[in-house]
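The values are calculated or read from the model by the stated rules, or taken from the named source; none is laboratory data. All figures in this text were calculated on a predicted structure; none of them were measured in a lab. Ideal geometry is used to build each Cβ from the backbone, glycine not excepted, and the neighbour counts take in all protein chains shown. These area figures cover heavy atoms from the full protein model, side chains too; ligands, DNA and RNA do not enter into them. Shrake-Rupley method; radii C 1.70, N 1.55, O 1.52, S 1.80 Å.
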Amino acid sequence: QQQVKQSPQSLIVQKGGISIINCAYENTAFDYFPWYQQFPGKGPALLIAIRPDVSEKKEGRFTISFNKSAKQFSLHIMDSQPGDSATYFCAASVWGGSSNTGKLIFGQGTTLQVKP
Amino acid sequence: ETGVTQTPRHLVMGMTNKKSLKCEQHLGHNAMYWYKQSAKKPLELMFVYNFKEQTENNSVPSRFSPECPNSSHLFLHLHTLQPEDSALYLCASSTQGSGNQPQHFGDGTRLSIL
């Protein structure tokens with residue numbers, strides 16, 4: 001129930017196309033859904049995040065769509081560029097517990113390649 | 001420059017060695033984390049520290065021993081590791097408080113166990 005399932009495992013998109021990565025979760029207690037971007041040799045960096053009180057959030061070319069009833073959320077990258085080639089991780093946070101810190105549960109990751 | 005610095009970046013050690021990984025954050029955060037990243041697997045949370053106190057141990061084997069002397073520094077002491085412990089070890093930090101605060105990651109230590 002703590003898992004976050006991410007798909008696809010890898011994705012190849014032409015420059016200018018739309019990249020779509022999907023995630024699904026089971027635990028309805030999750031209340032924070034970030035996406036992280038990781039380049040080779042670097043740590044993950046927060047890209048964009050959403051709370052369950054909204055269905056969509058957009059920042060530049062990156063959009064999160066959130067479907068609370070289906071317990072799914074997705075990342076859309078519009079006008080994909082070669083510089084977007086990286087590994088993308090979705091995550092979900094369970095707030096509370098003994099740590100009182102959002103404990104992030106990560107998906108398996110999607111390796112995106114944008115071809116010029 | 002991520003604000004979270006990890007050293008060393010690469011480490012090769014034998015199974016009987018003892019070594020330590022270091023993490024330092026310059027962001028004024030008060031929560032710090034250790035994660036393990038293995039190929040084709042989700043990031044695995046290992047330990048969480050809040051205000052220098054360990055608040056989460058995610059069933060990590062005792063051959064991994066964390067230490068948090070202050071809110072800016074975090075160590076992971078390693079001894080008698082196994083080949084399956086070869087992975088990228090990531091440190092992260094965040095602000096503890098109301099709401100979910102983003103975690104900022106270092107670039108990791110690539111650990112190889114011979």
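The table below gives the values:
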| item | result |
| --- | --- |
| Residue that is farthest from A:A91 (Cα to Cα), among those in segment B:27-62 that are among the basic types (K, R) and loosely packed, with under 14 Cβ neighbours inside 10 Å | B:K40 |
| Meets criteria (assigned to a loop (DSSP other than H, G, I, E, B) and away from chain A (no Cβ under 11 Å)) for B:S65 | no |
| Considering residues of segment A:52-82 that are under 25 Å from A:N27 (Cα atoms) and in contact with a Pro (Cβ under 7 Å, 6 or more places away or on another chain) only, the residue surrounded by the fewest Cβ atoms within 10 Å (Cβ to Cβ) | A:K68 |
| Any hit, segment B:102-111, residues being open to solvent by 10 Å² or more (accessible area, probe 1.4 Å), over 16 Å from A:F89 (Cα atoms) and within 14 Å of chain A (Cβ to nearest Cβ) | yes |
| Subset of segment B:1-52 [basic (K, R) and within 14 Å of another protein chain (Cβ to nearest Cβ)] | B:R9, B:K36, B:K40, B:K41, B:K52 |
| Residues of segment A:1-36 classified as more than 11 Å from chain B (Cβ to nearest Cβ) and either open to solvent by 30 Å² or more (accessible area, probe 1.4 Å) or outside any strand (DSSP E or B) (or both), total | 17 |
| Lone qualifier among B:T95, B:T55 - being out of contact with any His (no Cβ under 9 Å at 6 or more places or on another chain) and among the hydroxyl-bearing types (S, T, Y) | B:T55 |
| Residue among A:F106, A:F73 that alone is within 17 Å of A:Q3 (Cβ to Cβ) and at pLDDT 95 or above | A:F73 |
| Test: residue in segment A:44-60 that is part of a loop (DSSP other than H, G, I, E, B), more than 14 Å from chain B (Cβ to nearest Cβ) and of a type in the set (D, E, K, R) | no |
| Every residue from segment B:68-96 that is within 14 Å of chain A (Cβ to nearest Cβ) and open to solvent by 30 Å² or more (accessible area, probe 1.4 Å) | B:S71, B:T95, B:Q96 |
| Residue match in segment A:83-92 (condition: facing another protein chain (nearest Cβ under 9 Å) and either open to solvent by less than 20 Å² (accessible area, probe 1.4 Å) or hydrophobic (A, V, I, L, M, F, W, C) (or both)) | yes |
| Criterion: part of a strand (DSSP E or B) and touching a Pro at 6+ places or on another chain (Cβ under 7 Å) - qualifying residue of B:L111, B:L45, B:L88, B:L76 | B:L76 |
| Lone unmet requirement of (1) open to solvent by less than 40 Å² (accessible area, probe 1.4 Å); (2) in contact (Cβ under 8 Å) with a residue 24 or more places away in the chain for A:A49 | (2) |
